1. Tally up the residues in the stretch 124-159 that are open to solvent by less than 20 Å² (accessible area, probe 1.4 Å), more than 15 Å from VAL192 (Cβ to Cβ) and either among the aromatic types (Phe, Trp, Tyr) or part of a strand (DSSP E or B) (or both), please.
2. Assuming THR53 fulfils every condition listed in (1) open to solvent by 40 Å² or more (accessible area, probe 1.4 Å); (2) at pLDDT 90 or above apart from one, which condition is it?
3. Restricted to the stretch 160-195, and to residues that are hydrophobic (A, V, I, L, M, F, W, C), under 17 Å from TRP105 (Cα atoms) and touching a residue at least 24 places away in the same chain (Cβ under 8 Å), which residue is surrounded by the most Cβ atoms within 10 Å (Cβ to Cβ)?
4. Condition check: out of contact with any Asp or Glu (no Cβ under 6 Å at 6 or more places or on another chain), in a helix (DSSP H, G or I) and acidic (Asp, Glu). Does ASP167 satisfy that?
5. For the stretch 43-63, which positions are touching a residue at least 12 places away in the same chain (Cβ under 8 Å) and of a type in the set (Gly, Ala, Ser)?
6. Filter the stretch 75-121 down to residues that are in a helix (DSSP H, G or I) and not aromatic (Phe, Trp, Tyr) and give me whichever is most open to solvent (accessible area, probe 1.4 Å).
7. Please give the number of the condition GLY132 fails out of (1) over 16 Å from the mean Cα position of the chain (by Cα); (2) on the phi > 0 side of the Ramachandran plot.
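The values are calculated or read from the model by the stated rules, or taken from the named source; none is laboratory data. What you see is a predicted model; the values in this text were computed from it and never measured. Note that each Cβ is placed from the backbone with ideal geometry, even for glycine, and that neighbours are counted across all protein chains shown. Surface accessibility is based on the protein's heavy atoms, side chains included, excluding ligands, DNA and RNA. Shrake-Rupley method; radii C 1.70, N 1.55, O 1.52, S 1.80 Å.
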Amino acid sequence: MGRIVASLSAVLMLAAVTAMAQEKMNDPPKSGHDGVAKAAGAQSDAAVIAKATSAAPADIGRNAAVMATGADGKMKELRAGTNGWMCMLDLAGDSMCLDKEWQAWGDAWMNKKEPPKPATVGVAYMLKGDKGASNTDPYATKPTADNHWVVSGPHIMILPTDVSQLDAYPTDWTKGGPWVMWKGTPYAHIMVPTTSMAKSASKAPAEKKAADKK
């Protein structure tokens with residue numbers, strides 16, 4: 001999932017803003033320039049919107065709310081949405097689009113609390129990939145010798161409605177196909193690559209075990 005991560009520092013607020021945008025869908029889209037550096041201008045906002053929404057299929061991205069981090073560090077709405085999705089860039093510049101289940105998950109992750117049980121299967125898109133995350137520590141910010149740092153290419157992320165549904169999938173991302181990230185933590189979810197996985201900074205679990213035996 002890469003770093004869903006540093007950017008979700010205000011997801012609870014984002015969900016509320018998205019809901020308000022839904023209620024005002026007939027109003028002209030708002031411009032969240034208050035917290036954005038004035039030098040950026042409308043062109044910069046347009047670029048952020050384009051990059052953020054590129055994380056999802058076009059039919060989702062074009063109607064999603066778009067959030068950005070302003071100069072004051074707070075999340076600001078750049079564009080109102082009408083479909084319940086929220087797209088944004090994380091602090092590393094990775095783009096993502098989250099449904100309502102994932103927005104609630106992100107709030108729990110940020111506050112280090114138990115995520116709510118998804119009412120429906122949660123879906124998030126990162127079709128531009130990410131710059132990497134540990135597959136053992138949800139809060140790691142850089143690779144270490146043993147934290148299974150994974151750099152993911154384009155992928156979809158799934159929140160199951162029952163944690164037991166994770167048992168059908170491996171944690172080894174090198175096998176091809178879906179795999180579980182952060183298994184054994186409250187933030188476990190399924191990663192579904194849409195292209196071949198990028199080379200990661202640390203060895204996959206199976207590779208590490210083989211190396212340890214030598």
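1. 3
2. Every condition holds for THR53 apart from (1).
3. In this case the residue turns out to be MET181.
4. Here the answer is yes, as ASP167 does meet what is asked.
5. In the first step, residues of the stretch 43-63 are kept if they are touching a residue at least 12 places away in the same chain (Cβ under 8 Å); the result is 45, 48-49, 51-57, 60-61, 63.
Residues satisfying the conditions are ALA52, SER54, ALA55, ALA56, GLY61.
6. Taking the stretch 75-121 as the starting set, the residues that turn out to be in a helix (DSSP H, G or I) are 100-110.
Adding the requirement that they be not aromatic (Phe, Trp, Tyr) leaves 100-101, 103-104, 106-108, 110.
Values: LYS100: 135, GLU101: 41, GLN103: 5, ALA104: 37, GLY106: 0, ASP107: 11, ALA108: 0, MET110: 63 Å².
Per the criteria, the residue is LYS100.
7. Every listed condition holds for GLY132 apart from (1).
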